[in-house]
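Enquirer: Below you'll find the structure I mean.
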Amino acid sequence: MPAASRVQAKRWWAETVAAELISQYQVFRDEVRAMLAAELTDEIKQATAQNTTVFADRDVALAWQNILHQRGWAGVAWPVEFGGTGWDITQRHIFAQECTRAGAPDLIPLGLRMLAPVLFRYGTKFQQDYYLPKILAGEHYWCQGYSEPGSGSDLASLQMRAVRDGDDYVLDGTKIWTTHAHFADHIFCLVRTDPTARKQAGISFILVEMDRPGVSVKPIITLAGDHEVNQVFFDAVRVPITHRVGAENDGWSVAKYLLEFERGGGTASTGLCSGLLEVEALLDDLVKDLTANEMAELRGRAATLQMAVTALQQMEDTVLAKLARGQNPGPNSSLLKLLSSNLGQSLAALKMSTLAYYAVPDNNQLMRLGEPGIGTQAARTATAIYLNNRASTIFGGSNEVQKNIIAKTVLGL
């Protein structure tokens, strides 16, 4: 066969395969949309729209997880052998996009998307058989014990001790900013098992039931008036050594692996685009309340933000392509975390500026008491979302941490 014919044949084959894949993904998207139309209730959508915190309300998230679990769709990124969907990275991306657009709540990630991958890789057969089905079904509700007073961005400086005593560890110390600890029945913790080793080398990863004697939870009320985070205290808490995940003193490797799933790229741009559409609708509604200069300034900010969100979407697509090829996202996960956090804060600030006096401070508390509030749904949640979002450039690795990672891995500094 002449060389030109071979090139033409290869091109035809590539185009045929690509067309078949596109068709398969379109069928999958239609299936997801049909499921959302049939099973995503108005009650769940309304509760999701009223949420002002990082995670969805526990009862709402678990109700949605139960619906998905009945279809075998709760383990979106899980391997089939552990009860997951077995979807490829593109299917997972489509599913997340469609859920966001339809107004579905995010599933609580602590068990499903953070601990579960750790157990896939580092867990014993007993740990996998015991914990994973309960995570998938929503029977166990997890929280994360990483940060401590004075050990947040510099996580390796943590001081909570775990001392071996026969077949147990005895835990003493405290964890802080622990999201949903007041709901959780289990917590995964980083603890110091060798205080003489260099700080990254003396850490272990341990699973703890929250009802063990010596565990107590103290609420922390945020600027937005939300009870989302807590401080958790451990006073001589005994935990079997079989609750350790991975080798003793190798918890730092486990923690870094988990953080890839906490910081990894996803569909932040979809949520930001939805927020920008909401701002545009608000501007149309408030056109009579704004001067021409005010309208021009706000629309200009929205357009600038839209360009940045488009760039974020392109980065997410790049990470998606790398993951589809089985590659590690590398520093892109830090870039996505950095950009999405900053853009989320910019969007929250733009919404506040657009709503002006309609964004009544703390009126999300009135909403929770059943009061009608002032203005649109966006006005009732704008202040609380703005205040809650101030932490987004800190949790999951602060901006400074992400910039240091980028400086080392990209710039070689």
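The values are calculated or read from the model by the stated rules, or taken from the named source; none is laboratory data. Bear in mind that the values here come from a model prediction, so they are computed numbers and not experimental data. Virtual Cβ from ideal backbone geometry, glycine too; neighbours counted across all protein chains shown.
Enquirer: From the list Gly111, Gly84, pick out the single residue that is assigned to a loop (DSSP other than H, G, I, E, B) and buried (at least 17 other Cβ atoms within 10 Å of the Cβ). Explain how you work it out, then say what you get.
Expert: Details: Gly111 fails: assigned to a loop (DSSP other than H, G, I, E, B).
Exactly one residue qualifies, and that residue is Gly84.
Enquirer: Let me ask another. Going residue by residue through the range 312-335, is there one that turns out to be outside any helix (DSSP H, G or I), within 21 Å of Lys403 (Cα to Cα) and either at pLDDT 90 or above or among the polar types (S, T, N, Q) (or both)?
Expert: Scanning the range 312-335, I find at least one residue that is outside any helix (DSSP H, G or I), within 21 Å of Lys403 (Cα to Cα) and either at pLDDT 90 or above or among the polar types (S, T, N, Q) (or both), so the answer is yes.
Enquirer: Would it be correct to say that Cys143 is buried (at least 22 other Cβ atoms within 10 Å of the Cβ), in a strand (DSSP E or B) and within 18 Å of the chain's Cα centre (by Cα)?
Expert: Numbers: buried (at least 22 other Cβ atoms within 10 Å of the Cβ): yes; in a strand (DSSP E or B): yes; within 18 Å of the chain's Cα centre (by Cα): yes.
Here the answer is yes, as Cys143 does meet what is asked.
Enquirer: Is it fair to say Lys125 is within 24 Å of Glu248 (Cβ to Cβ), surrounded by fewer than 19 Cβ atoms within 10 Å (Cβ to Cβ), modelled with pLDDT of 95 or more and not assigned by TED's automatic domain parsing to the domain that holds Ala34?
Expert: Details: within 24 Å of Glu248 (Cβ to Cβ): yes; surrounded by fewer than 19 Cβ atoms within 10 Å (Cβ to Cβ): yes; modelled with pLDDT of 95 or more: yes; not assigned by TED's automatic domain parsing to the domain that holds Ala34: yes.
So Lys125 passes the test.
Enquirer: Quick check on the range 20-66: of everything there that is crowded, with 17+ Cβ neighbours inside 10 Å and among the β-branched types (Val, Ile, Thr), which residue is farthest from Glu228 (Cα to Cα)?
Expert: It comes out as Val32.
Enquirer: For the range 112-134, name all the residues that are without any contact (Cβ under 8 Å) to a residue 60 or more places away in the chain and either under 11 Å from Leu207 (Cβ atoms) or more than 17 Å from the chain's Cα centre (by Cα) (or both).
Expert: Restricting attention to the range 112-134, the residues satisfying the condition of being without any contact (Cβ under 8 Å) to a residue 60 or more places away in the chain are 112, 116, 120, 125, 128-130, 132-134.
Scanning the range 112-134 gives Phe120, Lys125, Gln128, Asp129, Tyr130, Leu132, Pro133, Lys134.
Enquirer: Right, something else. Going by the conditions given, is Ser353 under 21 Å from Ser392 (Cα atoms), at pLDDT 70 or above and buried (at least 20 other Cβ atoms within 10 Å of the Cβ)?
Expert: Details: under 21 Å from Ser392 (Cα atoms): yes; at pLDDT 70 or above: yes; buried (at least 20 other Cβ atoms within 10 Å of the Cβ): no.
In short, no.
Enquirer: Another one. Could you tell me which of the residues Val254, Val239 is assigned to a strand (DSSP E or B), crowded, with 17+ Cβ neighbours inside 10 Å and at pLDDT 85 or above? Spell out the reasoning first.
Expert: On the way: Val254 fails: assigned to a strand (DSSP E or B).
The unique qualifying residue is Val239.
Enquirer: Return a yes/no flag: does the range 37-51 have any residue that is modelled with pLDDT under 95 and not in a helix (DSSP H, G or I).
Expert: Within the range 37-51, one or more residues are modelled with pLDDT under 95 and not in a helix (DSSP H, G or I).
Enquirer: Here's something else I'd like to know. Mind checking whether some residue in the range 78-93 is at pLDDT below 95 and within 30 Å of Ala382 (Cβ to Cβ)?
Expert: yes
Enquirer: What are the residues in the range 113-145 that are touching a Ser or Thr at 6+ places or on another chain (Cβ under 8 Å), hydrophobic (A, V, I, L, M, F, W, C) and closer than 14 Å to Glu209 by Cα, if any?
Expert: Cys143
Enquirer: Right, something else. Suppose we keep only residues that are under 19 Å from the mean Cα position of the chain (by Cα) and hydroxyl-bearing (Ser, Thr, Tyr) within the range 146-181. Which one would you say is farthest from Leu115 (Cα to Cα)?
Expert: Checked the range 146-181; the qualifying residue farthest from Leu115 (Cα to Cα) is Ser153.
Enquirer: Separate question: Quick one: would you say Ala162 is in a helix (DSSP H, G or I) and assigned by TED's automatic domain parsing to the domain that holds Phe183?
Expert: Numbers: in a helix (DSSP H, G or I): no; assigned by TED's automatic domain parsing to the domain that holds Phe183: yes.
Considered against the rule, which asks whether it is in a helix (DSSP H, G or I) and assigned by TED's automatic domain parsing to the domain that holds Phe183, Ala162 comes out as no.
Enquirer: Considering only the range 68-81, how many residues are in contact (Cβ under 8 Å) with a residue 12 or more places away in the chain, surrounded by fewer than 18 Cβ atoms within 10 Å (Cβ to Cβ) and not in a loop (DSSP other than H, G, I, E, B)?
Expert: 2
Enquirer: Is at least one residue of the range 8-15 assigned to a helix (DSSP H, G or I) and modelled with pLDDT of 90 or more? Working first, answer last.
Expert: The initial filter retains those residues of the range 8-15 that are assigned to a helix (DSSP H, G or I), namely 8-15.
Still in the running and modelled with pLDDT of 90 or more: none.
The answer is no, given that none of the residues of the range 8-15 is assigned to a helix (DSSP H, G or I) and modelled with pLDDT of 90 or more.
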